[in-house]
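Here is the structure we will look at, set down as structure tokens.
Bear in mind that the values in this text are calculations on the coordinates, not laboratory data. Everything quoted here is computed from the prediction, not taken from an experiment. Virtual Cβ from ideal backbone geometry, glycine too; neighbours counted across all protein chains shown.
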Amino acid sequence: MQLPKINAVDTVTLEEINTLVHLGCCYVKIPEKEVFEDFEVIKKEALAFFIQDEIKKQKWLVNDKLEGYINRSIDDIQSVQQFFFRLHNPIGPFQECRNSVFKISNYFEQRIVLVLLKEVFRYFGVEQYFEEVVSDRSSTFSTVYYPAKVNTNKKCNSGLKAHKDFDLMSVLLIEKPGLEVFWDDQWHEVNPQPGYVVVILAQTLEKMLGGKTHSILHRVRIPDEERLSLAVFLGPNTNIPIQDYIHDQILFDSYDQCLKYHYYQLFEQ
């Protein structure tokens, strides 16, 4: 599937925003080559971490602040490992690439997500709530590792099972195939495009805008060769209720309540 492209975020058009909110994803052009140079720095250290013995990685298990390592390859459904950072606060074994993590996180948040989110809120006539929603926001940076198919014992072909992202918007930097989105009752491949990232609208944004945006279902196939991607997930203000601003309705009393509901649906069912 050839996703629509936004080639200049700062001059995004009404037509491009209309396409984004109805499809739920698009490519966004990154003109600064330094972003991809920083990706290479992170990739080198991340791959060295993920190919270690599992016992060595377990010492960095994710904690209650959503920092650290998590292995989602414990069943026959998926084969993926992640290392999470709180945005702007990388920890643990990733020392040499710390500055690159910071720069990519900041770039994706400031130059892509916040700009597009503001235009989306304006598109639906609720721009007066934008600053409230993104102040004290929750943001997460993640390296995502998929072992090559030959190194897994999975009966299925799913690296990461079908799901919708939780927060407001996600930015994915991918360099190998595997990502798929569900549209028009079928799965479509989303292949990497040189110089572009993939933007995905998430479920909390859909809730806040009365179901008028589309949080697209997506998954990742187990790759023939190992695959590493980067993701930045930007969430809302964690100190306010989750509210439908279109219909003026409180949906969840707190961010945590909404988060627990999402993860129950994603991993427990």
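Here the Kirkwood formula puts the hydrodynamic radius of the stretch 155-269 at 15.4 Å, using every distinct Cα pair.
Residues of the stretch 115-145 with an amide N closer than 18 Å to a point placed 7 Å from the Cα of GLN193 along the Cα-to-Cβ direction: 116-117. Across LEU168, LEU205, LEU114, mean-square fluctuation computed from a Gaussian network of the chain (C-alpha pairs under 10 Å connected) peaks at LEU114. Here the convex hull built on the C-alpha positions of the chain has a volume of 127 cubic angstrom per residue.
Phi angles of the stretch 105-111 translate, via the Karplus equation with coefficients 6.51, -1.76, 1.60 and θ = phi - 60°, into HN-Hα couplings of 4, 5, 5, 4, 5, 7, 9 Hz per residue; Gly and Pro are given as x.
In order along the stretch 218-225, phi translates into HN-Hα couplings of 8, 8, 10, 6, 5, x, 5, 10 Hz, rounded to whole numbers, per the Karplus curve 6.51 cos²θ - 1.76 cosθ + 1.60 with θ = phi - 60° and x for Gly and Pro.
Each Lys or Arg adds one and each Asp or Glu subtracts one; over the other residues with Cβ under 9 Å from the Cβ of TYR145, this totals 0. Local charge sum around LEU228 (other residues, Cβ-Cβ under 9 Å, Lys/Arg +1, Asp/Glu -1)? With Lys, Arg at +1 and Asp, Glu at -1, the net is +1. Amide H to amide H, with H built 1.01 Å from N, GLY178 comes under 5 Å of VAL190, counting only residues 5 or more places away or on other chains. Across the stretch 234-251, rounded Karplus estimates of 3J(HN,Hα) from the backbone phi angles (6.51 cos²θ - 1.76 cosθ + 1.60, θ = phi - 60°) give 10, x, x, 3, 7, 9, 10, x, 7, 10, 7, 6, 6, 9, 6, 9, 7, 9 Hz, Gly and Pro being marked x.
For the chain, set up a Gaussian network in which alpha carbons nearer than 10 Å are linked by springs, and say which option among ASP248, ASP185, ASP165 fluctuates the most. Ranking ASP248, ASP185, ASP165 by mean-square fluctuation puts ASP185 first. Note on the chain: with a GNM built from Cα contacts shorter than 10 Å, the maximum mean-square fluctuation among GLU127, GLU189, GLU54 falls on GLU54.
Would you kindly state how much longer the chain becomes between LEU61 and LYS212 on full extension, computed as 0.36 nm times their sequence separation minus their alpha carbon distance, in nm to one decimal?
Net length gain for the segment: 50.6 nm.
Less than 5 angstrom separates the built amide H of TYR196 from those of ILE30, all sequence-distant by 5 or more or on a different chain. Backbone amide hydrogens, once placed in the peptide plane, bring VAL80 within less than 5 Å of ARG72, SER73, excluding anything fewer than 5 places away on its chain.
Which net charge results when you count Lys and Arg as +1 and Asp and Glu as -1 among the other residues whose beta-carbon is under 12 Å from that of GLU180? Here the charged neighbours net out to +2.
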